[in-house]
Structure formats: C-alpha cells, structure tokens
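Throughout, read-outs are computed from the coordinates displayed, never taken from laboratory work. Everything numeric in this text was worked out from a predicted model, so none of it was measured.
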Amino acid sequence: MDKKLYVAYGSNLNLPQMANRCPTAKLVGASELKGFKLLFRGGHGSAVATVEPSKDSKVPVLIWEITATDEKALDRYEGYPFLYRKENVKVKLNGRNVKAMAYIMNEGKALGQPSMYYYSVIYDGYKAQNFDIETLRTALEDSVERAGTTNDRED
C-alpha cells in the first residue's frame, strides 16, 4: 500500500479528530513549516486555517504518514480541489529534510474569523503538542484585523 507524508497545521493537529477522520494515519513527528505564516480565510465566523508564504515566519506542524484511503478522506474534509489545493512542502523530520503534502487554500477567499468551535479544535491540538500558542493567537488577530482592509495581502 502506497503511503505518503502529510503536514497538518490546522484542525488535523487535533489527535482525536484526526484518528476519527483517518484511522489508519500514523503520526510520525512534529516539525515547523518555515517561510509560511498561519492565517484564517473564508469569511467572518466561518474562516478556516491556511498557510501563506512569509519569509521570516514559521508554523508548527504535525507530520502524518497517510494511505490513499486517508488521503481520500482528507480530500473530502478539506474541500479539495475547490477550497484547498495540494502542494509539496519541505519540512525536517528526524533531522533530515523531507517532502510532504500540505493542503493550502486556493486564492480568492477573504480573511476572517473562525468559529469558536473550530478555533478551539486547533487550540486543543496546539496544547496537546506543546506548540507555541502565540502562533495561533497571532494568526487570529492578523486575520480579524486585516479582514476589514481592501488589500488583505501582506508580502
């Protein structure tokens, strides 16, 4: 069975949720996605997590080994290919650089605020992994503050 590496940075950091969604996925490590920042896009009250290039930023991630069945389940959950696209990203795993697939939101969605439930699912994942909560708080603040501006892109 073909397996591939998948990088989670949002609600799939939540281990119980991921176990329910992809029962055969195996957690293989934690890392950082360097050169990206975390944001929420999709409108006020319904925004979801994405990552966007940002030179001096990094986002904590979990690396999963997934099967084709897991990937199909993730495709459905992530709204692939309509909401998210798949991109290969480089992360460090056990001291070496590896390529892994990440879901990154397609262009055109406005910045916004996630639901309290969705945010709390990600927050629980951050806490369980001892990730820096400040990354998540900053993503929320940036997304909400910049949601009101006409040009919400920051390079």
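Figures for the structure shown
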{"item": "Extended-chain gain in nm, criterion 0.36 nm per residue less alpha-carbon gap, Lys3 and Asn20", "result": "4.3 nm"}
{"item": "Equivalent ellipsoid semi-axes - Cα gyration tensor, segment 65-123, angstrom", "result": "23, 16, 14"}
{"item": "Length-normalised contact order of segment 3-144 in % [C-alpha pairs under 8 Å, at least 6 apart]", "result": "33"}
{"item": "Shape parameters for the chain, alpha-carbon atoms, Rg then Dmax in Å", "result": "14.7, 47"}
{"item": "Aspartates and glutamates whose Cα lies under 13 Å from that of Lys92, excluding same-chain neighbours fewer than 8 positions away", "result": "Glu32"}
{"item": "Part-to-part distance (alpha-carbon centres) for segment 88-151 and segment 45-80, which is given in Å", "result": "9"}
{"item": "Angle between the chain longest axis and helix 116-129 axis [Cα atoms, degrees, rounded to 10]", "result": "50"}
